[in-house]
Amino acid sequence: LPYDLLESEDAYLVVFDAPGVEPTDVQVRFVDGEVQVRADRFRAFHEGFETRFPGRGLALSGRARLPPDAVVDAEDADATLTENGTLEVRIPKDADTTDVPLSEAEDETAASDDDADS
């Protein structure tokens, strides 16, 4: 499945195109930094017609890898299937992590090393 990966200050949003899928037929998992989606869809019956070539896939799947530095709270993630067949998976960032710029972290390490030398 094609997807877009978006990021805000507090979450990642993965948007998949999943036309013809019903909410009960979608499975979403988060495994090792990756959103995994599987969706089953069914062919509509068209009276008076017989299927000659079943070219559209019935089982759709997709994977979206989050950035390697992403720290998320997968337990609070949620997925929504819109009426037009767009699956939106929102994964909140872990609120317990704090970003410390590398230059500040290096300064603190250097100060600790200076204290140890005294």
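The values are calculated or read from the model by the stated rules, or taken from the named source; none is laboratory data. Everything quoted here is computed from the prediction, not taken from an experiment. For neighbour counting, all protein chains shown are included, and Cβ atoms are generated from backbone atoms with ideal geometry for every residue, glycine included. Heads up: the accessible areas ignore ligands, DNA and RNA and are worked out on the full protein's heavy atoms, side chains in. Shrake-Rupley method; radii C 1.70, N 1.55, O 1.52, S 1.80 Å.
If you take all other residues with their beta carbon under 14 Å from the beta carbon of G85, and give Lys and Arg +1 and Asp and Glu -1, the sum is -4. Give me the 1.4 Å probe accessible area per residue for the stretch 20-96, excluding ligands and nucleic acids, in Å². Computed with neighbouring chains in place, this is 75 Å² per residue.
Taking amide H positions as modeled 1.01 Å from N, with prolines and chain starts lacking one, the residues under 5 Å from Y12 and 5 or more places away or on another chain are I91, K93.
Remark: the stretch 61-72, residue by residue, has Karplus-estimated 3J(HN,Hα) of 9, x, 9, 9, 8, 6, x, x, 8, 6, 10, 10 Hz, where x stands for each Gly or Pro and the curve is 6.51 cos²θ - 1.76 cosθ + 1.60 at θ = phi - 60°. Inter-label distance, A70 to L58: 3.1 nm, where each label sits 7 Å from its Cα along the C-beta direction. Computed over every Cα-Cα pair of the stretch 26-65 and binned at 5 Å starting from 0, the pair-distance distribution P(r) comes out as 6, 19, 21, 15, 12, 10, 9, 5, 3, 1 percent. Within the accessible surface of the stretch 17-80, defined with a 1.4 Å probe on protein heavy atoms only, the carbon and sulfur portion equals 49 percent.
Across the stretch 23-31, computed HN-Hα scalar couplings (Karplus, 6.51 cos²θ - 1.76 cosθ + 1.60, θ = phi - 60°) run x, 6, 9, 10, 10, 10, 10, 10, 9 Hz from first to last residue, x flagging Gly and Pro. In terms of overall dimensions, the stretch 1-71 has a Cα radius of gyration and Dmax of 15.9, 55 angstrom.
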